[in-house]
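Worksheet for the structure shown next.
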Amino acid sequence: QVQLVESGGGLVQPGGSLRLSCATSGFTLEDYGIGWFRQAPGKEREGVSCVSSHDGSIYFDDSVKGRFTTSRDLAKSTVYLQMNSLTPEDTAVYYCAITGSSCETNFADYWGQGTQVTVSS
């Protein structure tokens, strides 16, 4: 069965960094994109970034461009989100999801359970 498991969240101070992991199984990772999404309390879930099936990266949210980097390790079936220069506005539950091969979000039918990121002094 398809599984996506996020990890790496936690409490960090403003300006700090975290590296989130999305461990995948039950499908061929190189055939799909993997997107990162986040949801803050009282807000709708929004797209953050994505790595495509051909290992290209895109940003769904311009506010993270230059601070966040999405990457993929096929040998480990894992996708990462490196988050730098974190601000309190980045506080949210972060999810990974399967997308279309070129990060088409209408294919985001499989989601992980989420990992909490809290940025606070």
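The values are calculated or read from the model by the stated rules, or taken from the named source; none is laboratory data. Being a predicted model, the structure only gives us computed values, none of them experimental. Note that each Cβ is placed from the backbone with ideal geometry, even for glycine, and that neighbours are counted across all protein chains shown. Heavy atoms of the whole protein, side chains included, go into the accessibility calculation; ligands, DNA and RNA do not. Shrake-Rupley method; radii C 1.70, N 1.55, O 1.52, S 1.80 Å.
At an R0 of 35 angstrom, the distance between the Cβ atoms of Ser7 and Ser121 translates into a FRET efficiency of 0.90. Summed over the residues of the chain and divided among them, the accessible surface reaches 50 Å² per residue at a probe radius of 1.4 Å. Could you tell me which of Tyr94, Leu81, Gln13 has its Cα farthest along the dipole of the chain towards the positive end, charges placed at Cβ (Lys, Arg +1; Asp, Glu -1), taken about the Cα centre? The one lying farthest along the dipole's positive direction is Gln13. When the chain is treated as a GNM with alpha-carbon contacts under 10 Å, the residue of Thr24, Thr87, Thr99 showing the greatest mean-square fluctuation is Thr87. The convex hull of the Cα atoms of region 10-81, projected and averaged over all directions, covers 5.7 nm². Atom-type composition of the exposed protein surface of region 16-121 places 43 percent of the accessible area on carbon and sulfur (1.4 angstrom probe). Sparse packing (at most 16 other Cβ atoms within 10 Å of the Cβ) combined with a DSSP loop state is found for the following GluC sites (Glu not before Pro) in region 3-106: Glu44, Glu104. In the calculated pair distance distribution of the chain, what percentage of Cα-Cα distances lie above 20 Å? Taking all Cα-Cα pairs of the chain, the fraction more than 20 Å apart is 34 percent. Over all projection directions, the Cα-based convex hull of region 61-121 averages an area of 5.1 nm². Modelled this way, with points 7 Å down the Cα-to-C-beta line, the labels at Trp111 and Asn84 are 3.0 nm from one another.
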